[in-house]
1. Got a number for residues in the range 192-243 being farther than 27 Å from T133 by Cα, out of contact with any helix residue (DSSP H, G or I) (no Cβ under 8 Å at 6 or more places or on another chain) and hydrophobic (A, V, I, L, M, F, W, C)?
2. Does the range 150-174 hold any residues that are surrounded by 12 or more Cβ atoms within 10 Å (Cβ to Cβ), within 14 Å of R206 (Cα to Cα) and over 29 Å from the mean Cα position of the chain (by Cα), and which are they?
3. Name the single residue that is modelled with the highest pLDDT among those in the range 87-121 being in contact with a Lys or Arg (Cβ under 6 Å, 6 or more places away or on another chain) and not aliphatic (A, V, I, L, M).
4. Looking only at residues that are basic (K, R) and closer than 20 Å to M238 by Cβ in the range 174-216, which one is modelled with the highest pLDDT?
5. Looking only at residues in the range 125-149 that are aliphatic (A, V, I, L, M), over 21 Å from S234 (Cβ atoms) and surrounded by 15 or more Cβ atoms within 10 Å (Cβ to Cβ), which one is nearest to the chain's Cα centre (by Cα)?
6. Got a sec? Which of D181, D222 is within 30 Å of the chain's Cα centre (by Cα), assigned to a strand (DSSP E or B) and charged (D, E, K, R)?
7. Only one of these conditions is not met by R84: (1) of a type outside the set (S, T, Y); (2) in contact with a Lys or Arg (Cβ under 9 Å, 6 or more places away or on another chain); (3) surrounded by 17 or more Cβ atoms within 10 Å (Cβ to Cβ); (4) without any contact (Cβ under 8 Å) to a residue 60 or more places away in the chain. Which number is it?
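The values are calculated or read from the model by the stated rules, or taken from the named source; none is laboratory data. All figures in this text were calculated on a predicted structure; none of them were measured in a lab. Positions of Cβ are backbone-derived with ideal geometry, glycine not excepted, and every protein chain shown enters the neighbour counts.
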Amino acid sequence: MCIISQLMMKYKLIILMVFATVVISCKKATNVRLVEGESSGKMSYRLVDDSGAGLPGIRVGVYRIRSHSGGTYFDPSSLLDTVRTDKDGIALFSMLNPANYLVVPDSPKLNNVAYNIREYVQVVAGKEKKKVTKVSDFSGAINVTLRSSLDYVTPIRSMGIAVIPYNSLVYRPDNLKELLDGATIRGVTNNEGFVSIKVPADISYRLLIYGLYNRTIIYGSDEYRVQKDGLAYSSLYMNPINQ
């Protein structure tokens with residue numbers, strides 16, 4: 001009887017081991033099928049203005065992220081796909097592998113001012129990532145203070161400040177009036193000689209200071225550049241003029 005009991009226990013143990021192996025194998029096979037069924041995702045990327053209206057016809061590029069020395073950088077050769085935004089400002093990308101991507105719209109404009117947008121968007125398998133970007137959020141500010149060079153204290157008020165995207169090929173002493181006439185970003189100093197001017201981020205600028213009435217260009221300043229939500233400061237001194 002003892003021998004028979006031992007044999008029965010042994011067979012039960014073998015049967016349980018076989019059953020457990022079958023169950024584990026089935027679970028592994030099921031997981032593989034789920035992963036294979038959701039191997040890609042989608043991205044809905046929308047560009048809007050300050051009122052929330054979509055910006056149509058903007059070319060949007062999606063890039064693989066390149067890494068170097070512990071950081072990431074923009075590599076134009078890593079472009080995966082480009083799509084133009086539709087009438088609602090939406091660019092739809094499908095069949096993207098799960099990953100983080102760099103999204104770069106092609107200089108969308110608001111009020112004839114071009115913005116430089118680069119942002120990371122994560123795509124998950126089996127889902128549609130919806131990203132809404134307000135173009136003007138990619139801005140910083142340049143804070144300018146004008147004071148008299150006679151005493152370095154007296155503020156110079158009611159002077160025009162034009163912000164010019166800087167390019168060494170077009171910014172020359174002999175074409176400053178042309179640049180001023182085409183400037184779309186401007187401000188005027190207040191009674192304290194101060195003005196804060198909102199500008200698109202990650203673009204280099206120079207400032208032109210000019211008389212509001214006689215349009216005489218007083219000063220072409222150094223180069224400025226601000227990051228998103230960043231500030232640049234400029235304290236300038238000049239001889240007071242009669243406008």
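1. Of the residues in the range 192-243, 9 are farther than 27 Å from T133 by Cα, out of contact with any helix residue (DSSP H, G or I) (no Cβ under 8 Å at 6 or more places or on another chain) and hydrophobic (A, V, I, L, M, F, W, C).
2. G160
3. Filtering the range 87-121 for residues that are in contact with a Lys or Arg (Cβ under 6 Å, 6 or more places away or on another chain) and not aliphatic (A, V, I, L, M), the one modelled with the highest pLDDT comes out as G89.
4. Of all residues in the range 174-216, those basic (K, R) come to 177, 186, 198, 206, 215.
When the remaining residues are screened for being closer than 20 Å to M238 by Cβ, the result is 177, 186, 206, 215.
Working: K177: 86, R186: 95, R206: 91, R215: 77.
Restricting to residues being basic (K, R) and closer than 20 Å to M238 by Cβ, the top hit is R186.
5. V135
6. One residue alone meets the criteria, D222.
7. (3)
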